[in-house]
């Protein structure tokens, strides 16, 4: 089931602007495979067991997603995107709220996770002239370093194993 058909499941009473590491998944509307060039989608879905999958070619929508994700930390003090991957129909990101400056001082985020995600989606919609994303997104508050390492590893290998991902459409 895609997030656009679900209600957001936010942790009640949690301050989504507080210093934390968040794992975020944003899905395209109706799970459409529009973030990769169609040749990359075909190559990933048609490969045989054991075949290596080359790095995907992003579509115009995928390039826009990359651009706007890369811009997040330039627009919001105290926020850093630590890792992300763009898949054909969704994006995974690890976003840190509360960043340590070179001086050792903690820079707190001045906004919330829902605001950052909403503004990212709006910027892409305005840039492309069409709504790309499902209405909601999935988030998880990362609890510890072990979980963070597992999520980083997952993000790094996800494009190679996209056909095993729960959000990969069954062709």
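Can you find, within the stretch 113-131, the residue that is farthest from residue 22 (Cα to Cα) among those that are buried (at least 20 other Cβ atoms within 10 Å of the Cβ) and touching a helix residue (DSSP H, G or I) at 6+ places or on another chain (Cβ under 7 Å)?
Taking the candidates together, the pick is 124.
Can you tell me which residue in the stretch 92-142 is nearest to residue 29 (Cα to Cα), limited to those that are part of a loop (DSSP other than H, G, I, E, B) and without any contact (Cβ under 8 Å) to a residue 24 or more places away in the chain?
Looking at residues that are part of a loop (DSSP other than H, G, I, E, B) and without any contact (Cβ under 8 Å) to a residue 24 or more places away in the chain, I get 130.
What residue, among those in the stretch 15-73 that are surrounded by fewer than 16 Cβ atoms within 10 Å (Cβ to Cβ) and at positive phi, is modelled with the lowest pLDDT?
Within the stretch 15-73, the match that is modelled with the lowest pLDDT is 50.
Return the residue satisfying two criteria in turn: it lies in the stretch 79-91 and is touching a strand residue (DSSP E or B) at 6+ places or on another chain (Cβ under 6 Å) and in a loop (DSSP other than H, G, I, E, B), and of such residues it is surrounded by the fewest Cβ atoms within 10 Å (Cβ to Cβ).
That would be 89.
The values are calculated or read from the model by the stated rules, or taken from the named source; none is laboratory data. Owing to the predicted nature of the structure, the values given are computational and were not obtained by experimental measurement. Cβ coordinates were reconstructed from backbone atoms using ideal geometry, including for glycine residues, and neighbour counts include every protein chain displayed.
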